Each structure stands twice: as structure tokens, then as C-alpha cells.
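A.B. asks: Below is a structure I'd like to ask you about.
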Amino acid sequence: MVVRTPSNRARRRVSTRTLARESSERSDIARISSRARARYLQVRGDEFKKRKGLPPEVAEDVVNILLEQKRLIRGAKAQSFRDALTGLYNRRFLREAMKREKRLATTHGRKYPVTVLMIDLDRFKAVNDKLGHQVGDKLLKQVARVLKGSVRDHDEVVRYGGEEFVVILRGANMKAGNAVARRIRRNLRSLEFKHPANPGNRVTASIGCDRYNPRTDNDVIKGADKALLEAKKTRDTIRGAKFNRPKEY
């Protein structure tokens, strides 16, 4: 019995057909992916324009930022951007997010304001000292849920450390940021959490607010933290950092 093997020419024909088929499949996937991405941009872009009043070019850039963010936190790296206790984003994510927000704000100027809230729970140390860290952890989880429910879908909530949280408000100026801060403070007060060091059994927080200015490239996190220190003097208070803008802005 003679066993015939394919000639080199035949092998080349098979290889060429296989490569062509694989290339066609990749093209189909790319087209589908491209259509899906275009649809996503359209839907999210329309949502931003309708609800947030952002110009079309800003809305599309924001959606691109969100897509980039999803790619960043996908897969094995996902957990490194999350706080293990609350499930919120962590400080590592905050550094990456602020780079993108500053880039976007620099590109679009006044069309795309970015405001940051720094939030610190009042008298939280007393909770840990008198009731234990397990109770304190339970409170932090409840606060995380309240914060997420108090902002828009495209805003970001970060656990900065301990009982401190940061909120990135996309497309929001200081006036809008102050309104969100008031809503957060109101929603936190609705949490009933009884402990000896908490007068009135209410959860309260001090909040500092600052806006990024691309002309001065201010450290918006530092500015919000400085405003928070002022708020902590009286507790359950909101304070805004002074937004120093150049005359030409």
C-alpha cells in the first residue's frame, strides 16, 4: 500500500485557504466589535448630551474614557483596583482615574469641569474603640452603598483610606458638586447607627470640595482635603476650596 502525502503546492493551497478564512473571521469580529462600540458610543453619548448637557465631542470623549477604564480594570488586574472591604475603587484606581480626568479637562476646558469631594465620617474612631472593628467595618459597607446611590452612574466613588472617601464628579462644577455633597450628607443622616459616641444616633460626615483647573493644574485632591480639614472643625459640614482661576480662563 502506497501512502501519498500532500505535495508542497497542495499544502500551500490549504495553508492559504486557512489563513484567508481566519483573516475573514477576524474581520467579521472586528466589524461586529466596531458596530457594537459605535452603538455604545451613540447610546452613552446621547445619554450624556440629554441628561448632563455636555457638547457632543465632550460626551464622546467621556465615553472613550469609560471604555478605557473598563479595559484597565478587566481580568487579573481587576482586584488590584478594588477595596476588599467595601468593593469600591481604591487609591491606586484614583491615581489612574485622575490622570484621565485631567487630560479630558485640559482638552475641553470649561466644557468639561471636574469636581472632587473628599468625605470623612465624623467620630468614626469612637465606633472602632467602643464597639469594635467588626461594627466599624459594617458601617463602612453601609456608607459605601449610600455613596454609590447618591451619585450618577458615570461618577466614581473611591475608598481613600480608613473612613475617608473620594468622589469624582465628571462634568460637574463647584455648584453642582456642592449639591451632590448636600445630597450625600442628607442620605448619610438617614442611616440609623446607634453607638454611645454618636449624638442623635445619626451618621454624619464632613465634606471638602474642589474643582480641577487645567490652567493652573491644581492638585484637586489636596485642595479637597484642605477644605475637608476646615469642615472637620465643626463636623457635619461642607466646605469648598477656593477656585483660583486666571483672568483669561
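A.B. asks: Tell me the label-point distance for the pair residue 84, residue 126, using the 7 Å Cα-to-Cβ offset, in nm and rounded to one decimal.
C.D. replies: Label at residue 84, label at residue 126, 3.0 nm between them.
A.B. asks: For the range 87-240, with the dipole built from +1 on Lys and Arg beta-carbon atoms and -1 on Asp and Glu ones, taken about the Cα centre, which of 112, 126, 180 lies farthest toward the positive end?
C.D. replies: Working it through, the farthest residue towards the positive pole turns out to be 112.
A.B. asks: At residue 229 and residue 189, where each label point lies 7 Å from the Cα along Cα→Cβ, what is the point-to-point distance in nanometres?
C.D. replies: Taking the simple label geometry, residue 229 and residue 189 are separated by 2.8 nm.
A.B. asks: So, one more: By how many nm would the segment from residue 96 to residue 179 lengthen if fully extended, with 0.36 nm per residue of separation less the alpha-carbon distance?
C.D. replies: Going from the current span to full extension adds 27.3 nm.
A.B. asks: Further question: To the nearest 0.05, what FRET efficiency results for residue 145 and residue 106 with a Förster distance of 25 Å applied to their C-beta separation?
C.D. replies: Values: r = 33 Å, r/R0 = 1.34.
So, using R0 = 25 Å, E works out to roughly 0.15.
We did not get these values from a lab; they are worked out from the coordinates using the rules stated. Given the structure is predicted, the values throughout are model-derived calculations rather than measurements. A quick note on method: Cβ atoms are made from the backbone with ideal geometry, for glycine too, and the neighbour counts reach across all protein chains shown.
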